[in-house]
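Taking it in order: structure first as structure tokens, then the write-up.
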Amino acid sequence: MDLAYFYYEAGHILLSPARAANDATRLFFKNPANPLSYTPYGKAMAAGCELFERTTRRYGKPSFDLDTTEINGREVAVRERVVWHKPFCNLIHFDRMLPRGVDPQPKLLIVAPMSGHYATLLRGTVETFLPTHDVYITDWVDAREVPLSDGSFDLDDYIDYIIDICHLLGPDVHIMAVCQPAVPVLAAVARMEAMEDDCVPSSMILMGGPIDTRKSPTAVNKGAQERGTEWFRRNCIVKVPPPNPGLWRDVYPGFFQLSGFMAMNLDRHISAHWDMFNHLVENDGDSAEKHRDFYDEYLAVMDLTAEFYLQTVETVFVQHALPKGEMMHRDEKVDLGAIRHCAIMAIEGENDDISGIGQTRAALELTPNLPEEKKTYHLQERVGHYGVFNGGRFRREIAPRICDFIEAHENDAGAARPAPRRQKPQLRAVR
């Protein structure tokens, strides 16, 4: 499998002449001076050329493009700043120019999934909370962009990153884990509570996360369980080829993950592209643009370090270490019974084919020492995995419940917590 990445890169290079010819053909049939561009034949040719270009393109990292938001009926500017940096993650703060008279709003840390897509997959999630919260998000770095000299990155490092960010933001932060990070975020909070850390978040929102994949196992869960970690090590780990900065780093390539996701719903993706072809022929610009926006994001993927990917597969999907009380962070056991102060909200989607019903709710069952009034559960009807954190039902039905939950626990920071046992590390903001 070590040559797979080289073949992938070579494929893109070999397609360059075909892409150049395709672009010339598309320009010919899109030219308003060409009479053929107004005919059904010309429109079909231009539409086909655009689909070829989009399906053979290498999609780069998208941008958030959230320049403004509306607060109390007034449009305010939003400035995107990196306030914390480590080799595999940047912490982005969406700094809003609050109108005079507006009180400080709750701090919300959104932990984006490190599962093949960029943090911009949560653009809609961020946009929804900007009017009501002071939003931060973890922007994970593509492993192929990180030189080997910057060291390794595994699940333990991921948990360390979360703890460090909580120290930076303080105990009044509310932390939201979307899908994959539900496990490391829950583990990080458990470790902080066990250490009587004074920066334990006020609350955490776990959305469609694989806390206990033994419950309602999906095809993804069953596949990992049946194959085992060694199968993934042999078949999914490759080395980054030149000229990438992460040359020779062992990674799980993003294009592997993307092909797996698309294979799960291949008929749906084929239908979507056929629909776009028809929209382009019919000059239905709005529908075609929605397709472009979605797939510009969906097809942009990043590589994961091999050690993080394999440790996650082993810990979460094969051993079920967290719900069995066997998960370790460094040399310490992750004890969910230590969670006594940080309120938990678990959110699941009725039609989620990635994290089945009950997998996220397990977090509420595995924290026996957290008072019941600090636990909330919501099952959203008629949404799949993506709909748990984005889309119309998320904005109308899920986000308002999250806002209510955060408001209910906004004053929990530091309540009934023991004095800190250790000094918080001094972290410097990156400007």
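The values are calculated or read from the model by the stated rules, or taken from the named source; none is laboratory data. Keep in mind that this is a model prediction, so the values were computed, not measured. All Cβ positions, glycine included, derive from the backbone under ideal geometry; neighbour counts span all protein chains shown. Ligands, DNA and RNA are excluded from the accessible area calculation, which covers all protein heavy atoms including side chains. Shrake-Rupley method; radii C 1.70, N 1.55, O 1.52, S 1.80 Å.
Tabulated data
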quantity	calculated
Cut-off 14 Å between beta-carbons: net charge of the residues surrounding residue 122, Lys and Arg +1, Asp and Glu -1	-2
Cα gyration tensor, region 347-408 - rounded (a/c under 1.5), prolate or oblate	oblate
Length gained when the stretch residue 37-residue 264 is fully extended (0.36 nm per residue, less Cα-Cα span)	78.0 nm
Label zone at residue 57 (point 7 Å along Cα-to-Cβ), backbone N below 16 Å, region 13-43	16, 19-27
Among 69-78, 178-187, the order from most to least packed when residues are scored by Cβ within 10 Å on average	178-187, 69-78
Karplus (6.51, -1.76, 1.60) ³J(HN,Hα), θ = phi - 60°, over region 169-182, in Hz, Gly and Pro reported as x	8, x, x, 8, 8, 10, 10, 10, 10, 9, 6, 3, x, 4
Residue 117 long-range amide H proximity, modeled H, under 5 Å	302
Amide proton proximity set for residue 342, modelled H, under 5 Å, gap of 5+	none
Descending principal axes extents, the chain, alpha-carbon based, whole Å	77, 55, 42
Burial order of peptide ranges 402-409, 249-256 (average beta-carbon count within 10 Å, highest first)	249-256, 402-409
DSSP-defined antiparallel bridges as percent of all bridges, the chain, nearest 5	50 percent
Under-5 Å amide H pairs with residue 108, H placed in peptide plane, nonlocal only	134, 135, 136, 174
Overall form of region 18-160 per C-alpha gyration tensor (a/c, 1.5; a/b vs b/c)	oblate
Around residue 361: net Lys/Arg minus Asp/Glu count, Cβ-Cβ under 11 Å	-1
Table column - 3J(HN,Hα) (Hz), region 256-269, Karplus curve with 6.51, -1.76, 1.60, x for Gly and Pro	5, 4, 4, 5, x, 4, 5, 5, 5, 9, 4, 4, 5, 5
Most mobile of 267, 275, 95 in a GNM of the chain (Cα contacts under 10 Å)	267
Additional length obtainable on full extension of the chain from residue 290 to residue 13, 0.36 nm per residue less Cα span	96.8 nm
Straight-distance crosslink candidates among lysines, where the alpha carbon sits under 22 Å from residue 375 and sequence neighbours closer than 8 are dropped	107, 215, 324
Vicinal HN-Hα couplings computed from phi for region 350-361 (Karplus, 6.51 cos²θ - 1.76 cosθ + 1.60; Hz; Gly/Pro x)	4, 10, 5, 9, 9, 10, x, 4, x, 5, 7, 4
Rounded if a/c under 1.5, otherwise prolate or oblate - region 86-206, Cα gyration tensor axes	oblate
GNM flexibility winner over the chain from 228, 170, 101 (Cα, springs under 10 Å)	101
Estimated dipole of the chain in Debye, rounded to 20 [Cβ of Lys and Arg +1, of Asp and Glu -1, Cα centre]	460 debye
Only Lys, Arg (+1) and Asp, Glu (-1) charged, at Cβ; region 139-243 dipole about Cα centre in debye	880 debye
Gain upon complete extension [residue 353, residue 27; 0.36 nm per residue less C-alpha separation]	113.3 nm
In Å², nearest 10: area of residue 150 left accessible to a 1.4 Å probe	70 Å²
Sum of side-chain charges, residue 106 neighbourhood, beta-carbon under 10 Å (Lys, Arg +1; Asp, Glu -1)	-3
CD proxy at 222 nm, helix term only [per DSSP H run n ≥ 4: -39500 (n - 2.57); per residue of the chain; nearest 500]	-11000 deg cm²/dmol
